[in-house]
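A short worksheet on the structure shown next.
The values are calculated or read from the model by the stated rules, or taken from the named source; none is laboratory data. Just so it is clear, the model here is predicted, and its values are computed rather than measured. Counting neighbours? That spans all protein chains shown, and the Cβs are built from the backbone with ideal geometry, glycine included.
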Amino acid sequence: MIARWRHQVFYGWWIVAAGFGIEALIGALMFHAYGAYVVLLREEFGWSKTMLAGAFSMARAESGILGPVQGWLTDRFGPRAVIRVGMVVFGVGFLAFSQIGSPLTFFVVFFVMAVGSGLGGYLPITVAIVSWFRRRRALALSISGTGMAMGGLLTQLVALALTTWGWRWTAAASGLLVLLVGVPLAQLVRHRPEAYGLRPDGDPADGDGQPAPAAGAARPAPPGRDYTAREAMRTPAFWFVSVGHGSALLVVSAVLVHLVVHVTERLGYSLQQAAAVVALLTVMQMTGQLSGGSVGDRWSKRLMCTVCMAGHAAALLFLAVANAFWMVLAFAVLHGLAWGVRGPLMAAIRADYFGSAAFGMISGVSSTIVMLGMIAGPLIAGILADRTGSYAAGFTLLAGLAAVGSVFFVLATPPVRRADAAPADPSD
């Protein structure tokens, strides 16, 4: 198949397309739709915001606990095999989700779904794309990541299905859709272009495809000088990027869980109107991803991420004090743009700093730090909302933490190996 397409369209773009489709499935059916499920689960079972936020946070802990294992599996067996298994687990998990009836079964099944989406989603897709692209890495990652944003637009359809068929039938249909679409898409993914006689970006075999980086931009690791996970962990940049990424996810995860409940219960809008807010947020996220990806290969990714963190903080402050619909819309615009621009840069900056040879393991280890933000964000917002009757305190606190997180990106300068420095003078 690759031999047939290699002289038509660079095969890396087919992998980007597959990643887009898989991310869209996960985004539409689970991550963006979870807030809508929360509303209906609260109506049927009377479960608290804290419990429902805890389930989401527990599921996100999966990426931290199993992240190094997922990274090792991806580097060892290739992303296609890992994604294929993940899609099967994710689809079967949705079918089981349609039958839950207690907090215990809800937690267990949702964790299984999270494992499936983790194995079949972001990390192995990113590993494949990082291997197939160097010069256009940020652009490729942004296009693939736009699938998750597209899932936000498709949440309108999920919300319609939830109100028309109920959450159980919608969950069952979602599971079948994952099995029928997600598994075939996984077959398009390949690990490294060199195994098929190709080079990253489709470059000729006699070039390395790596022009000099722009001023202030991250310097990609040269071929053959890739970092191992242990070497990456010894650099300050690894920790600064990881903590900064986790700070951003404090906001992202809290919004995923609590936005729809906040807009419907406090502001009094309908589920369909809340889904429209999610749709606007998603349009802005897609705009940010495509524009950010196009300039992320030329500008300093580190400084772009710093600005995006300020955008996350400002957006959540708008949501915290919102007393009119225009303030909710302002939140959606700011948060969507910040999320969209920053999202693909997280993987791109790690690949620029540490190379692609052990990228799966490096990303997996980093996820053990990043997941703390995914866990803490929904819990902070949910606990404070249950205790105060409002999301204002929780959202304001998370906005402050996101603003502090921008400092870590300022500090995350590119690592320099001893071997990369000028050789020492033998006379010294």
Condition check for Val127: surrounded by fewer than 21 Cβ atoms within 10 Å (Cβ to Cβ) and either at pLDDT 85 or above or not aromatic (Phe, Trp, Tyr) (or both): no
Which listed residue is more than 19 Å from Gly246 (Cβ to Cβ) and among the aliphatic types (A, V, I, L, M), from Ala351, Ala381, Ala332: Ala332
Test for Leu162: is it aliphatic (A, V, I, L, M), more than 24 Å from Phe45 (Cα to Cα) and in a helix (DSSP H, G or I): no
Subset of segment 316-373 [out of contact with any helix residue (DSSP H, G or I) (no Cβ under 9 Å at 6 or more places or on another chain) and polar (S, T, N, Q)]: Asn323
Residue match in segment 128-143 (condition: more than 21 Å from Val370 (Cα to Cα), of a type in the set (Phe, Trp, Tyr), in contact with a Gly (Cβ under 8 Å, 6 or more places away or on another chain) and in contact (Cβ under 8 Å) with a residue 60 or more places away in the chain): yes
Single unsatisfied condition, Ala215 versus (1) among the aliphatic types (A, V, I, L, M); (2) at pLDDT below 70; (3) surrounded by 19 or more Cβ atoms within 10 Å (Cβ to Cβ): (3)
Of residues in segment 313-328 being closer than 17 Å to Thr282 by Cα and within 19 Å of the chain's Cα centre (by Cα), the one surrounded by the most Cβ atoms within 10 Å (Cβ to Cβ): Leu316
Of all residues making up segment 172-200, the number that are modelled with pLDDT of 90 or more, within 30 Å of Phe77 (Cβ to Cβ) and assigned to a helix (DSSP H, G or I): 13
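Just to be sure before I move on: is Ala114 part of a helix (DSSP H, G or I), over 18 Å from Met346 (Cβ atoms) and without any contact (Cβ under 8 Å) to a residue 40 or more places away in the chain in the structure I sent?
no
Please find, among Val307, Val277, Val257, Val283, the residue that is under 18 Å from the mean Cα position of the chain (by Cα), at pLDDT 80 or above and either under 27 Å from Ala403 (Cβ atoms) or hydrophobic (A, V, I, L, M, F, W, C) (or both).
Val283
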Residues located in segment 23-43, provided they are within 11 Å of Leu256 (Cα to Cα) and among the small types (Gly, Ala, Ser): Gly27, Ala33, Gly35, Ala36
Candidate set: segment 329-371, residues that are buried (at least 23 other Cβ atoms within 10 Å of the Cβ) and of a type in the set (Val, Ile, Thr); chosen: the one nearest to Thr306 (Cα to Cα): Val341
Of residues in segment 371-407 being in contact (Cβ under 8 Å) with a residue 24 or more places away in the chain and among the polar types (S, T, N, Q), the one nearest to Leu259 (Cα to Cα): Ser390
From the options Val69, Val92, Val82, Val108, residue that is surrounded by fewer than 21 Cβ atoms within 10 Å (Cβ to Cβ), out of contact with any Gly (no Cβ under 6 Å at 6 or more places or on another chain), modelled with pLDDT of 90 or more and more than 30 Å from Pro204 (Cβ to Cβ): Val92
